[in-house]
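A.B. asks: Quick one: this structure, given as structure tokens, is what I'll be asking you about.
The values are calculated or read from the model by the stated rules, or taken from the named source; none is laboratory data. Here the structure is a predicted model, which is why all the values come from computation and not from measurement. Positions of Cβ are backbone-derived with ideal geometry, glycine not excepted, and every protein chain shown enters the neighbour counts.
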């Protein structure tokens with residue numbers, strides 16, 4: 001077998017959420033930029049990408065990469081065939097690798113059954129395996145996305161036109177039963193038309209779940225099927241919605257009908273199994289993960305949870321940090337992060353920071369708090385709540401700030417706050433902590449003194465009393481900040497140490513580590 005030279009290697013970097021252009025995309029884009037110097041790199045996307053706009057937003061040079069747009073329902077395992085290396089950087093993606101080699105970037109390991117008791121997990125597995133045996137010869141043909149988990153059900157969303165193929169003995173009639181989940185995030189009931197071998201057969205309406213019981217109990221649709229040679233095609237045709245437009249989560253897939261299972265079973269066993277995913281029930285282990293040669297996290301915190309939750313070895317590739325510069329310090333505290341409430345993920349806790357600042361401000365009225373971050377339309381109620389809490393205080397909001405504005409704020413800030421995970425039970429829900437903390441390092445590179453929560457990736461960045469301080473609660477945040485404000489000499493010493501500390505997270509170290517990792521994987 002011939003050995004390819006480095007510039008002949010084909011590399012695919014997959015991120016479903018390129019349009020979000022957030023921290024995860026900066027991480028994936030930096031990988032693509034570095035590797036494009038020596039390799040032919042494609043960005044795999046499910047929608048067109050304005051490459052010029054993307055590289056401007058991410059601050060990267062992507063002129064050497066190519067964008068490859070693939071259908072939402074096209075399996076990444078199939079898309080990646082023909083590549084020498086697939087780097088899957090999509091958050092919570094479980095697509096198997098089809099390339100010669102593969103690296104899975106795990107932003108944080110997910111456990112679909114984390115909210116279930118052990119007996120529930122065991123029972124779910126037993127029922128699902130029995131269900132798959134009872135489902136009968138029904139296959140997903142086309143128009144279905146990879147499986148999603150809704151609590152303990154796995155579903156396959158259609159893209160508006162999902163096609164099942166049912167194998168039935170010719171000239172005989174059987175009743176196909178399709179279980180459809182009532183999980184419709186947009187809250188809109190959905191009309192579904194059914195076509196059999198291209199002919200309209202019947203229709204039904206999915207009513208959005210109005211409570212937990214309805215959410216867990218799918219609708220059952222019964223369809224008489226007359227068998228023919230080669231199988232019968234059953235189409236589920238419906239309107240679609242885009243999750244990002246209702247939740248702002250960056251998911252731009254066209255979603256139609258959430259199918260839990262389909263089969264010809266009947267009787268008591270089938271009734272018992274109705275809530276269980278038969279076509280995509282849980283399997284033992286993590287078979288998709290075993291198709292990758294490396295698992296990579298962006299922090300030791302994330303890597304430790306990969307080992308703890310998945311029992312897999314995980315390497316660490318710390319993000320490349322854009323070095324900022326001091327521009328004459330002012331009595332300013334800065335915090336950077338998107339605005340969204342805790343129920344929507346690992347909140348940046350702006351509300352708690354404003355409340356802490358309200359206690360601090362009367363003692364230091366010359367100091368200002370500047371909050372920088374984007375805000376999706378559905379998160380505006382939370383932003384408005386933070387604004388109300390800040391009324392009468394020297395708090396400045398910078399919504400969707402430009403890179404130039406952020407540079408200026410970093411340069412002038414004397415203190416940087418980071419509170420993600422404050423008030424959370426991180427043993428039970430570790431994902432609510434900051435997995436690394438890019439903005440903390442960026443602020444440090446400009447000489448801002450970090451006062452950050454003692455949790456998550458922050459512990460890998462800040463050294464207590466050397467280049468910053470930790471806090472565990474709001475009282476600690478206030479007291480540590482007062483200490484730094486009241487002692488200019490301490491503030492100056494910590495500022496210099498913070499800027500020096502940030503250098504170890506620079507671009508050169510990232511490039512060396514990435515290139516060595518890829519070389520090792522491909523050899």
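A.B. asks: Using the structure shown, decide if residue 391 is touching a strand residue (DSSP E or B) at 6+ places or on another chain (Cβ under 8 Å) and either in a loop (DSSP other than H, G, I, E, B) or closer than 30 Å to residue 308 by Cα (or both).
C.D. replies: When the stated conditions are applied, residue 391 does not pass them.
A.B. asks: Which condition number does residue 280 fail, the rest of (1) within 19 Å of the chain's Cα centre (by Cα); (2) at pLDDT below 95 being met?
C.D. replies: Single failed check for residue 280: (1).
A.B. asks: Output the residue which, of all residues in segment 208-227 that are outside any strand (DSSP E or B) and surrounded by fewer than 13 Cβ atoms within 10 Å (Cβ to Cβ), is modelled with the highest pLDDT.
C.D. replies: The residue in question is 210.
A.B. asks: With respect to residue 82, determine if the residue is surrounded by fewer than 23 Cβ atoms within 10 Å (Cβ to Cβ), in the same structural domain as residue 298 (by TED's automatic domain parsing), in contact with a strand residue (DSSP E or B) (Cβ under 9 Å, 6 or more places away or on another chain) and under 22 Å from residue 437 (Cβ atoms). Please lay out each step first, then the result.
C.D. replies: On the way: surrounded by fewer than 23 Cβ atoms within 10 Å (Cβ to Cβ): yes; in the same structural domain as residue 298 (by TED's automatic domain parsing): yes; in contact with a strand residue (DSSP E or B) (Cβ under 9 Å, 6 or more places away or on another chain): yes; under 22 Å from residue 437 (Cβ atoms): no.
No; evaluated as a whole, the condition is false for this residue.
A.B. asks: Residues to consider are 410, 382; find the one that is under 27 Å from the mean Cα position of the chain (by Cα) and farther than 29 Å from residue 496 by Cα.
C.D. replies: That would be 382, the only listed residue that is under 27 Å from the mean Cα position of the chain (by Cα) and farther than 29 Å from residue 496 by Cα.
A.B. asks: Okay, next question. List the number of the failed condition for residue 73; all other conditions in (1) under 20 Å from residue 19 (Cβ atoms); (2) outside any loop (DSSP other than H, G, I, E, B) hold.
C.D. replies: If we test residue 73 against (1) under 20 Å from residue 19 (Cβ atoms); (2) outside any loop (DSSP other than H, G, I, E, B), just (2) comes out false.
A.B. asks: Another question, if that's okay. Please determine whether any residue of segment 338-345 is outside any strand (DSSP E or B) and either at pLDDT 95 or above or more than 18 Å from the chain's Cα centre (by Cα) (or both).
C.D. replies: No: zero hits.
A.B. asks: Is it true that residue 367 is within 18 Å of the chain's Cα centre (by Cα) and in contact (Cβ under 8 Å) with a residue 12 or more places away in the chain?
C.D. replies: Here the answer is no, as residue 367 does not meet what is asked.
A.B. asks: Moving on. Would you pick out the residues in segment 2-18 that are assigned to a loop (DSSP other than H, G, I, E, B) and modelled with pLDDT under 80? I'd like the intermediate steps shown before the answer.
C.D. replies: Step one: of segment 2-18, the residues assigned to a loop (DSSP other than H, G, I, E, B) are 2-5, 9, 15-17.
Correct list: 2, 3, 4, 5.
A.B. asks: Residues in segment 19-39 that are part of a helix (DSSP H, G or I) and modelled with pLDDT under 85: how many?
C.D. replies: Filtering segment 19-39 for residues part of a helix (DSSP H, G or I) gives 19-20, 23-35.
If we keep only those that are modelled with pLDDT under 85 too, we end up with 19-20, 23.
The number of residues fulfilling the criteria is 3.
A.B. asks: Right, here's the next one. For segment 464-523, enumerate the residues that are touching a helix residue (DSSP H, G or I) at 6+ places or on another chain (Cβ under 6 Å), buried (at least 18 other Cβ atoms within 10 Å of the Cβ) and closer than 22 Å to residue 294 by Cα.
C.D. replies: Answer for segment 464-523, where residues must be touching a helix residue (DSSP H, G or I) at 6+ places or on another chain (Cβ under 6 Å), buried (at least 18 other Cβ atoms within 10 Å of the Cβ) and closer than 22 Å to residue 294 by Cα: 505, 514.
A.B. asks: OK, next. When segment 43-91 is examined, which residues are found to be in contact (Cβ under 8 Å) with a residue 40 or more places away in the chain, under 21 Å from residue 291 (Cα atoms) and touching a helix residue (DSSP H, G or I) at 6+ places or on another chain (Cβ under 9 Å)?
C.D. replies: 77, 84, 85, 86, 87, 88, 89, 90, 91
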